[in-house]
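Below is one structure, written out as C-alpha cells; comments come after it.
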Amino acid sequence: MAESVGAEHVSDWVEVTQAMIDQFAQATGDHQFIHVDPVRAAETVFGGTIAHGFLSLSLMPMLAARTDAPAIAGARMGVNYGGNKVRFLTPVRSGKRVRGRFTLKKFVERQPGVWEQVQDYRLEIEGEEKPAVIAEWIALVYV
C-alpha cells in the first residue's frame, strides 16, 4: 500500500437528500432550522436547507467505499484516528450531488500490525467550483 502514496481515487456521485439531512438531525440532536425547515431556510443566504457540516464529513467512509481504491491486503479493521485539518468551505444544498476525492498521503507501519493511513479528502459538489469539505484524515488499519 505504501507504493500507492500519491494515488487519487474518486467516488461515484451521491445525492444529499432532505431525508438524509433530517435523519442526521434526529441522530445528533442538531435541529437548527437551516437544516430542517425548508420554508425558513429559503429566507437565508443559502436559499434552502443545507446539510450539516458534520454530515458532509461523515460521508467520507461511504464515499471511500465507492471508489476503485484497492483493498488493503490482510486488513482486519480500520478505525478513525482523527483529522489534522478540516474545513467546511461550501454548504451542500439539499438535493445536490456530491462525490469524494481521496489522495493517499502516507501509509506507514506505526507498530507491528498497525498502519497509519493519511488521506486528503475533498467533498466535491456537482456544478460548484469550491468543494464542500477539505480534510486531512488519519485512520489506523489493523492487519
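Some notes on this structure:
- Close pairs (7 angstrom Cβ cut-off, 6 or more residues apart or separate chains): buried (at least 17 other Cβ atoms within 10 Å of the Cβ) in the stretch 17-42, modelled with pLDDT under 95 and part of a loop (DSSP other than H, G, I, E, B) anywhere: none
- Here HIS9 meets the list (1) touching a residue at least 12 places away in the same chain (Cβ under 8 Å); (2) outside any strand (DSSP E or B) almost entirely, failing just condition (2).
- Residue list for the stretch 35-57, restricted to those being under 29 Å from GLN119 (Cβ atoms) and in a helix (DSSP H, G or I): HIS35, GLY53, PHE54, LEU55, SER56, LEU57
- Count - residues of the stretch 106-131 that are free of Cβ contacts under 8 Å to residues at least 60 places away in the same chain and either out of contact with any strand residue (DSSP E or B) (no Cβ under 8 Å at 6 or more places or on another chain) or of a type in the set (Val, Ile, Thr) (or both): 9
- Residues of the stretch 45-59 satisfying the condition of being touching a residue at least 40 places away in the same chain (Cβ under 8 Å), under 15 Å from GLY100 (Cα atoms) and aliphatic (A, V, I, L, M): LEU57, LEU59
- Matching entry among LEU59, LEU89, LEU104, LEU55 (being crowded, with 18+ Cβ neighbours inside 10 Å and within 16 Å of GLU136 (Cβ to Cβ)): LEU104
The values are calculated or read from the model by the stated rules, or taken from the named source; none is laboratory data. Please read these numbers as outputs of a predicted model, since none were measured by experiment. Don't worry about glycine lacking a Cβ; one is built from the backbone with ideal geometry, like all the others, and counts go over all protein chains shown.
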